[in-house]
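Scroll down for the structure; my scribbles are underneath it.
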Amino acid sequence: LPTGVSFLLSSDAHLPERVGDFCQAYQLVERLKIPLERIVNLEK
């Protein structure tokens, strides 16, 4: 990720009960080794 871009995570829910479920988004962050400090909407 040498470009220095920032990321914003979303649940991208298609069902009401999945709104706010960031499990898949976080799995992608882990798989791609995105530094947590590059995620702008992550509560620290």
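Label separation (V19 vs L42): 2.5 nm, computed from points 7 Å beyond Cα along the C-beta direction.
Note on the chain: Cα-only Rg and Dmax are 11.4, 36 Å. Dipole size of the chain about its Cα centre, with +1 on Lys/Arg Cβ and -1 on Asp/Glu Cβ: approximately 200 debye, rounded to the nearest 20. Taking Cα atoms only, the orientation of helix 23-32 departs from the longest principal axis of the chain by about 20 degrees.
All of the numbers you see were taken from the coordinates with simple rules; none came from a lab. Just so we're clear, the structure is a prediction, and the values are computed from it rather than from any experiment. As a convention, Cβ positions derive from the backbone with ideal geometry for all residues, glycine included, and neighbour counts pool all protein chains shown.
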